[in-house]
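Reviewing the structure listed below.
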Amino acid sequence: MTHASSDVIRVEGPGRLAGEVFVTGAKNSSLKLMAAALLASGRTVLYNVPKITDIAIMAEVLRRLGCDVRTVPGEAPGADVTVGLGGRDGFGDGTDPAGDGLSIDVPDEPGTDTDYDLVRRLRASICVLGPLLARRGRVRVALPGGDAIGSRGLDMHVAGLTRMGAEFSGEHGMIEATAPGGLVGAKVWLDFPSVGATENLLMAAVLAKGVTEIDNAAREPEIVDICDMLTAMGARISGAGSSKLTVEGVSELRPVTHRTIGDRIVAGTWALAATMTRGDVTVTGVNPSFLEIALDKVATSGATVEAHPTGFRVAMDRRPQAVDVVTLPFPGFATDLMPMALGLAAVSEGSSLITENIFDGRFMFVPELVRLGAQIRTDGKHAVVRGRERLSGAPVRATDIRAGAGLVVAGLCADGTTEVSNVHHIDRGYPDFVVDLRRLGAVVHREHAPPEPTFAL
């Protein structure tokens, strides 16, 4: 995998996806589990970690905090691990083991200052705020970057940690937090079930003095995953998977070995792609209960859906029927799947109403989908889509991780060639995306784009 922003993905359409694809660990879980490792001195090992750019960036964030981060051989024989990390992806040891393990050795006193040049590229790096504040009583982090999908403030993170005894100041794009008397348990109500705020408060609370209650907490599977890991480390947490988390602080935690859950967003991408291309795809490596709403929408559109303990199959033999989609916090339809839902609507029979309730910038990529011939009209948080039998290939530009994947899949539903640029976004969330597409029968290639022409006055 390369990370050059000059790369493009060229899709020859129309194409039909058929076959089996394995989904590795969840990006949105792995990044936070890496941060949780900071809560205990010693060696924590994470398995089923995806081979993506964001993981490499987070590994470097931890290294600059004093941790030793490297790949390790895969799990014991018979374990369900099939994809390696590979040193070529920035993990540092130059190996490409059969399994996808990541070892994190945390010092007794990890650093407290994060580097702006890394944090600006990865919003998830803000999740070091909670564990470092709990461990060291002080942390200085840069305001995070990441996808351009709308405003995602840190107000709830700051408000919750302030109730737990933290004091905040900030200037020059940095936030500094201190806990002069240590963090103490508190009752915290989140205005919105924010995943990031829930995770930061949870990781701070496990080492705080007393009991912390987090009401209106996020319920995503990734929250349950981090609760499982923290509990194995010695934390006392109840309510995982519900809207109320209760945490009884402990004096210290221990390092553990933990396996990340499968990535429901990547799995959902394949489910919607199979439906859009009238294909037949079996997805393994993920709990299908993580995708109940998305799979229900796929079935409503006319596909056959068969769930099994470690995945599902989606088969479609005709043009999809239009379905309406509303994004909501889990267990609702995931906002990260909205670009694929728009793509499905664009080739369905009839008109669909897509409502985005989570991020105000999710529709930023709509003009790119329109370039492919999609008939979409947006108004605030709503998009009305009139489906077409077939789209038309054109050059388009990825604006974020999910939009990039959605445009590639839409290209499979278009006549002619679709060229997607800025594919470094896709690298941040989809390991070996082009390889998997080709295994499923797509005619797709990754190439270096020609240099942009220069002009002189």
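The values are calculated or read from the model by the stated rules, or taken from the named source; none is laboratory data. Treat the numbers as computed from the prediction; the structure is a model and nothing was measured. With ideal geometry, Cβ positions are generated from the backbone for all residues, glycine too; neighbour counts draw on all protein chains shown.
Overview of results
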quantity	calculated
Single residue of LEU245, LEU183, LEU161 found to be farther than 21 Å from ALA124 by Cβ, among the hydrophobic types (A, V, I, L, M, F, W, C) and assigned by TED's automatic domain parsing to the domain that holds PRO107	LEU183
Given (1) part of a strand (DSSP E or B); (2) farther than 13 Å from ILE237 by Cα, index of the condition LEU161 fails	(1)
Residue in segment 351-360 that is hydrophobic (A, V, I, L, M, F, W, C) and in a strand (DSSP E or B) present	yes
Leading residue by the ranking (nearest to the chain's Cα centre (by Cα)) among those in segment 433-445 that are crowded, with 17+ Cβ neighbours inside 10 Å and over 23 Å from SER348 (Cβ atoms)	PHE433
Residue, nearest to the chain's Cα centre (by Cα), within segment 370-421, restricted to residues that are without any contact (Cβ under 8 Å) to a residue 40 or more places away in the chain and in a loop (DSSP other than H, G, I, E, B)	ALA398
Residue list for segment 399-419, filter: of a type in the set (Gly, Ala, Ser) and under 15 Å from LEU437 (Cβ atoms)	GLY404, ALA405, GLY406, ALA410, GLY411, ALA414
Set ARG371, ARG388: member being in contact with a helix residue (DSSP H, G or I) (Cβ under 8 Å, 6 or more places away or on another chain), basic (Lys, Arg) and at pLDDT 95 or above	ARG388
Filter pass, GLU306 being over 22 Å from the mean Cα position of the chain (by Cα) and more than 25 Å from ILE214 (Cβ to Cβ)	yes
Some residue of segment 84-95 being at pLDDT 90 or above, under 22 Å from the mean Cα position of the chain (by Cα) and surrounded by 17 or more Cβ atoms within 10 Å (Cβ to Cβ)	no
Output for segment 293-329, where each listed residue is within 24 Å of VAL384 (Cα to Cα) and among the charged types (D, E, K, R)	ASP296, LYS297, ARG318, ARG319, ASP324
Every pair of residues 6+ apart whose Cβ atoms lie under 8 Å, when the first sits in segment 51-62 and is in contact (Cβ under 8 Å) with a residue 60 or more places away in the chain while the second is in a helix (DSSP H, G or I) and basic (Lys, Arg)	ILE52/LYS27; ASP54/LYS27
Any pair with Cβ under 7 angstrom, 6 or more apart, that starts in segment 236-261 at a residue that is among the acidic types (Asp, Glu) and ends at one that is modelled with pLDDT of 95 or more	GLU248/VAL211; GLU248/ARG236
Members of segment 298-312 found to be free of Cβ contacts under 8 Å to residues at least 12 places away in the same chain and either in a helix (DSSP H, G or I) or surrounded by 22 or more Cβ atoms within 10 Å (Cβ to Cβ) (or both), listed by number	ALA299
Residues of segment 338-358 satisfying the condition of being farther than 13 Å from VAL323 by Cβ, in contact with a Leu (Cβ under 9 Å, 6 or more places away or on another chain) and either without any contact (Cβ under 8 Å) to a residue 60 or more places away in the chain or of a type in the set (A, V, I, L, M) (or both)	ASN357, ILE358
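Okay, residues lined up against (1) touching a His at 6+ places or on another chain (Cβ under 9 Å); (2) crowded, with 24+ Cβ neighbours inside 10 Å:
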{"position": "THR327", "(1), (2)": "no, no"}
{"position": "VAL347", "(1), (2)": "no, yes"}
{"position": "SER351", "(1), (2)": "no, no"}
{"position": "ILE354", "(1), (2)": "yes, yes"}
{"position": "PHE359", "(1), (2)": "no, no"}
{"position": "MET364", "(1), (2)": "no, no"}
{"position": "PRO367", "(1), (2)": "no, no"}
{"position": "VAL370", "(1), (2)": "no, no"}
